[in-house]
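So the structure is just underneath, and the comments pick up after that.
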């Protein structure tokens, strides 16, 4: 009987240790899945080889010069792509705002101001609320802030198209940067804030469901 009790105690003590070991091995396997060759970005999988099967680089999991975290690299690429998307959308918005509204819309002048403000605020809000991570939405918002620079470029292009010399372009860069730039930044920040609140509300509702 004493031996049975001792064995039971030992088995109970061994179980947490085995569970902890399994958890640590699982965590290392999950980390290993995201490792790749730093030279060619070939995924290495769970069983990390001594050399990269693609380019032949000597692989040492503890040496950052031979391996890289593909997950973090993909996240950086995603952030850069969202930033470029924000810049591109800001450029299209600036051209549409100037040539489609400012040059043609005379029946409702208030729309000339409301339209770009709504777009600059709503898109970051939707991205912040819907994407799995917040950082891509922030990267897009930073890129969309270039609407300020795009608007000056568009106005300059319009004046050049009308035959105005470059030296005589009527663009007040100082007032644009001191007034318009902070306003646009505030609008985008408000959009991100609203999107963050919606995001929190959705997650709170999911936890209560």
Going through the stretch 34-67 in order, the residues found to be under 27 Å from the mean Cα position of the chain (by Cα) and modelled with pLDDT of 80 or more are 35, 36, 37, 40, 67
Have a look at 84, 113, 148, 154 and point out the one that is farther than 28 Å from residue 203 by Cβ, outside the structural domain of residue 36 (by TED's automatic domain parsing) and modelled with pLDDT of 95 or more. 84
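If a residue must be loosely packed, with under 14 Cβ neighbours inside 10 Å and assigned to a helix (DSSP H, G or I), how many such residues does the stretch 100-120 contain?
Total satisfying the criteria: 6.
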With respect to residue 187, is the statement that it is over 14 Å from residue 87 (Cα atoms) and in a helix (DSSP H, G or I) true? yes
Scanning the stretch 157-182 for residues that are within 19 Å of residue 119 (Cβ to Cβ) and exposed (fewer than 12 other Cβ atoms within 10 Å of the Cβ) gives 182
Flagged in the stretch 50-65 as free of Cβ contacts under 8 Å to residues at least 24 places away in the same chain and either out of contact with any strand residue (DSSP E or B) (no Cβ under 7 Å at 6 or more places or on another chain) or part of a loop (DSSP other than H, G, I, E, B) (or both), in numbering order, are 50, 52, 53, 54, 55, 56, 57, 59, 60, 62, 63
Does residue 142 fit the bill of being under 14 Å from the mean Cα position of the chain (by Cα) and surrounded by 14 or more Cβ atoms within 10 Å (Cβ to Cβ)? yes
Of the listed residues (109, 43, 124, 116), the one being out of contact with any helix residue (DSSP H, G or I) (no Cβ under 7 Å at 6 or more places or on another chain) and at negative phi is 109
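The values are calculated or read from the model by the stated rules, or taken from the named source; none is laboratory data. These figures come from a predicted structure and were not determined experimentally. Using ideal geometry, Cβ is built from the backbone for each residue, glycine included, and neighbour counts are taken over all protein chains shown.
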